[in-house]
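Read through the structure below, which is laid out as structure tokens, and then see the notes.
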Amino acid sequence: MLMGWELALGLVAMFFGAIVLGTISFGLGTVAMPFLLLILLPQDAVVIVTAMIILTTGLTVVQTWRHLRLRETWPFIVAGLPPVPIGVLALHEFNPTALRVIIAVVVLTVGVMSLFSVRLPGARRRWMAPVIGAATTFMVTTFAVGAPLAALYSIEQDWSRDGIRATLALYFLMAAALGWSCSQ
């Protein structure tokens, strides 16, 4: 059980991660995981982040459902579901040290991509929706980071700001709920 400064650090990390997730519908893991890894095993941190994602994205979907354009986004959303059980299995089988290193590399890579406004080549091609959907969900389920990949894809589609927020919230809600049920 966390106590003292560890509990304070965990709560602050989750608070800021939840603010980011509630605002733009992704990023809780990217913000919170580096700090949670200082005080928790990676598997425990991923489970905590997943629970918060379910809560926060559920509320976001309730607020933004009118902006969902399922006819355009369904290949992206549906492709995110099959990798979830594989990601949960990988999470439980990975060595905790290896998980910490991989999560750090992913967070740094995402940071560099954001810093230099890296674009996803071929993101507008129809076949990219399931590829990005599956890759993002695997990364989020296994490492609790990787959501910026889905955000980059969504931005490349020229969806409205509210459409991106609603789509990502539904996508992460479905993936996190499935991941939660697979891990129990």
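The values are calculated or read from the model by the stated rules, or taken from the named source; none is laboratory data. Everything numeric here is computed off the predicted structure, so don't read it as measured data. Every residue, glycine as well, gets a Cβ built from its backbone with ideal geometry; the counts of neighbours run over all protein chains shown. For the accessible areas, the whole protein counts, side chains as well, though only heavy atoms, and no ligand, DNA or RNA atoms are used. Shrake-Rupley method; radii C 1.70, N 1.55, O 1.52, S 1.80 Å.
Some notes on this structure:
- Set against the labelled values (i) 1.11; (ii) 1.19; (iii) 0.95, Rg/Rh (Cα atoms, Kirkwood Rh) computed from this structure falls on (iii).
- Summed side-chain charge close to residue 91 - residues other than residue 91 whose Cβ falls under 14 Å, Lys, Arg +1, Asp, Glu -1: -1
- Karplus 3J(HN,Hα) series, Hz, for the range 152-164 with 6.51 cos²θ - 1.76 cosθ + 1.60 (x for Gly, Pro): 4, 4, 4, 4, 5, 7, 6, 6, 5, 4, 5, x, 4
- Shape of the range 94-184, Cα gyration tensor, a/c cut at 1.5: oblate
- For the range 72-80, 3J(HN,Hα) computed residue by residue from phi via the Karplus equation (6.51, -1.76, 1.60; θ = phi - 60°) reads 8, 9, 4, x, 5, 5, 5, 5, x Hz, glycine and proline entered as x.
- Given charges at beta-carbon only (K, R positive; D, E negative), |dipole| of the chain in Debye: 580
- Per residue, the solvent-accessible area of the range 119-184 (1.4 Å probe, heavy atoms of protein chains only, all protein chains present) comes to 43 Å².
- Whole-Å distance, taken between Cα centres, linking the range 107-184 and the range 53-88: 10
- Residues of the range 140-184 falling in the label zone of residue 124, defined by backbone nitrogen less than 12 Å from a point 7 Å along Cα to beta-carbon, are 156-159.
- When each of the peptides 34-40, 95-101 is scored by how many other beta carbons lie within 10 Å of its residues on average, the order from highest to lowest is 34-40, 95-101.
- Summing +1 for each Lys or Arg and -1 for each Asp or Glu among the other residues whose beta-carbon sits under 12 angstrom from that of residue 160 gives +1.
- Each residue of the range 176-182 was assigned a 3J(HN,Hα) from its phi angle through the Karplus curve 6.51 cos²θ - 1.76 cosθ + 1.60 (θ = phi - 60°); the sequence is 5, 5, 5, x, 4, 5, 5 Hz, with glycine and proline shown as x.
- Toward the positive end of the charge dipole of the range 58-184, with +1 on the Cβ of Lys and Arg and -1 on the Cβ of Asp and Glu, the farthest Cα among 182, 154, 139 is that of 154.
- By accessible area with a 1.4 Å probe, ligands and nucleic acids excluded, highest first: order of 180, 74: 74, 180
- The range 45-100: C-alpha gyration tensor shape, a/c 1.5 cut-off, then a/b vs b/c: oblate
- When peptides 119-131, 54-66 are sorted by average Cβ neighbour count within 10 Å, with the highest value leading, the order is 54-66, 119-131.
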